[in-house]
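Please read the structure below before turning to the comments.
The values are calculated or read from the model by the stated rules, or taken from the named source; none is laboratory data. Just so it is clear, the model here is predicted, and its values are computed rather than measured. Note that each Cβ is placed from the backbone with ideal geometry, even for glycine, and that neighbours are counted across all protein chains shown.
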Amino acid sequence: MSLTAGQLDAYLARIRVDRPVSPDLQSLSKLHRAHLMTFTWEALDAFMGWPSSVSPASAFAKMVEGRRGGWCYEMNGLFGAALDALGFRVTRLCGAVDRERLGNISIGNHLTLRVNLDRPYLAEVGVADAIVEPVPIAVGPFSQRGFNFSIMPAEDGWLRFNNHVHGIAHSFDFRADYSCEAAMAATHSWLMRDPGSPFTNALAVLRHTADGYVALQNDRLRTVTPGSVREHRITSADHLADTFETVFDLEIPRPERIWDKVQAIGRGKAA
């Protein structure tokens, strides 16, 4: 899955990065960080029942031609398609968020990327609050920007990426040689539509900042750095619309409808 030449030019212009001279680690790291500093992670389509697709072409239309973000299938999907067009050796991997608790039913609920350079690297722009640059696929702890992570062995040959202590997704499992598009497509459909999906029942929007990230969960807005967590409440539809625009750089239609659903969820929890 790759972007066309015209799409690639538009993507690079959107993230404000010149075409790399060669597909090397320095270029991959620069692209990885720029993608995360440009695009917001958001699952509004699942929350609101709007159409969504696992296709990188759909993600391009939504995120590059429009002013929206995306979730793992779109964030990593678009990034992987751009890397492929730039000559990187990319493999889409079938991941499993929270597999340590949910078991194998979680397989396919995440898309992550392996990029082969001098060694295999994990390129991961779809977790929303984790790494900002690629890391070697190797067991052990590591840190970025003051946040601590690790990749550790899990059962049955899987590896487990452990997020930092404040991360919303605590972990995801992957195998460096395992890709299953059918599993990801099926789980995408479940996450989009099923009442049991965490994304149909909660508003989730996250964006990296220079020293951490901001995370909106329903009406709770957190600003997180390695040394602090600050929280604010969204108090109205206008406040939510302004937050989408100024904090997350999103152009969202009818934000008052989103606010109405957030309020309804709050009333349901209070009942």
Go through the residues of segment 180-194 one by one and say whether even a single one is touching a Cys at 6+ places or on another chain (Cβ under 8 Å), assigned to a loop (DSSP other than H, G, I, E, B) and either small (Gly, Ala, Ser) or under 20 Å from residue 111 (Cβ atoms) (or both).
-> yes
Test for residue 61: is it under 16 Å from residue 14 (Cα atoms) and surrounded by fewer than 18 Cβ atoms within 10 Å (Cβ to Cβ) | yes
Can residue 64 be described as hydrophobic (A, V, I, L, M, F, W, C) and over 25 Å from residue 265 (Cα atoms)?
-> yes
Within segment 64-78, which residues are over 13 Å from residue 128 (Cβ atoms) and either crowded, with 24+ Cβ neighbours inside 10 Å or of a type outside the set (Asp, Glu) (or both)?
-> 64, 66, 67, 68, 77, 78
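Could you list, in sequence order, all residues of segment 26-80 that are part of a strand (DSSP E or B) and in contact with a Ser or Thr (Cβ under 9 Å, 6 or more places away or on another chain)?
First, pick out the residues of segment 26-80 that are part of a strand (DSSP E or B): 41-42, 70.
Passing the criteria: only 70.
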If you take the residues in segment 238-257 that are within 15 Å of residue 41 (Cα to Cα) and surrounded by 16 or more Cβ atoms within 10 Å (Cβ to Cβ), which one is modelled with the lowest pLDDT?
-> 252
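Here are some residues: 208, 188. Which one is crowded, with 18+ Cβ neighbours inside 10 Å, out of contact with any strand residue (DSSP E or B) (no Cβ under 7 Å at 6 or more places or on another chain), not aromatic (Phe, Trp, Tyr) and not assigned by TED's automatic domain parsing to the domain that holds residue 89? Before you say what the answer is, go through the steps one by one.
Numbers: 188 fails: not assigned by TED's automatic domain parsing to the domain that holds residue 89.
Exactly one residue qualifies, and that residue is 208.
Does residue 48 fit the bill of being surrounded by fewer than 20 Cβ atoms within 10 Å (Cβ to Cβ), under 30 Å from residue 262 (Cβ atoms) and at pLDDT 95 or above?
On the way: surrounded by fewer than 20 Cβ atoms within 10 Å (Cβ to Cβ): yes; under 30 Å from residue 262 (Cβ atoms): yes; at pLDDT 95 or above: yes.
So residue 48 fits the description; yes.
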Selected residue [part of a helix (DSSP H, G or I), out of contact with any strand residue (DSSP E or B) (no Cβ under 8 Å at 6 or more places or on another chain) and surrounded by fewer than 16 Cβ atoms within 10 Å (Cβ to Cβ)] from 18, 9 = 9
Any pair with Cβ under 7 angstrom, 6 or more apart, that starts in segment 79-90 at a residue that is modelled with pLDDT of 95 or more and ends at one that is outside any loop (DSSP other than H, G, I, E, B) and of a type in the set (S, T, N, Q) = 89/116
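Considering only residues that are outside any loop (DSSP other than H, G, I, E, B) and of a type in the set (S, T, N, Q), look in segment 85-126 and name the one that is surrounded by the fewest Cβ atoms within 10 Å (Cβ to Cβ).
104
Does segment 220-231 contain at least one residue that is touching a helix residue (DSSP H, G or I) at 6+ places or on another chain (Cβ under 6 Å) and in a strand (DSSP E or B)? It would help to see each step written out before you state the result.
From segment 220-231, those touching a helix residue (DSSP H, G or I) at 6+ places or on another chain (Cβ under 6 Å) are none; that's our starting set.
No, that holds for no residue.
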When residue 230 is run through (1) touching a strand residue (DSSP E or B) at 6+ places or on another chain (Cβ under 7 Å); (2) surrounded by 13 or more Cβ atoms within 10 Å (Cβ to Cβ), the failure sits at (2)
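For segment 213-255, give me the residue count where each residue is of a type in the set (Gly, Ala, Ser) and over 22 Å from residue 131 (Cα atoms).
Here is the first cut: in segment 213-255, the ones of a type in the set (Gly, Ala, Ser) are 215, 227-228, 236-237, 241.
Remaining after also requiring over 22 Å from residue 131 (Cα atoms): 236-237, 241.
Adding up the residues that qualify gives 3.
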Out of the residues in segment 155-181 that are in contact (Cβ under 8 Å) with a residue 40 or more places away in the chain, small (Gly, Ala, Ser) and within 20 Å of residue 92 (Cβ to Cβ), which is surrounded by the fewest Cβ atoms within 10 Å (Cβ to Cβ)?
-> 176
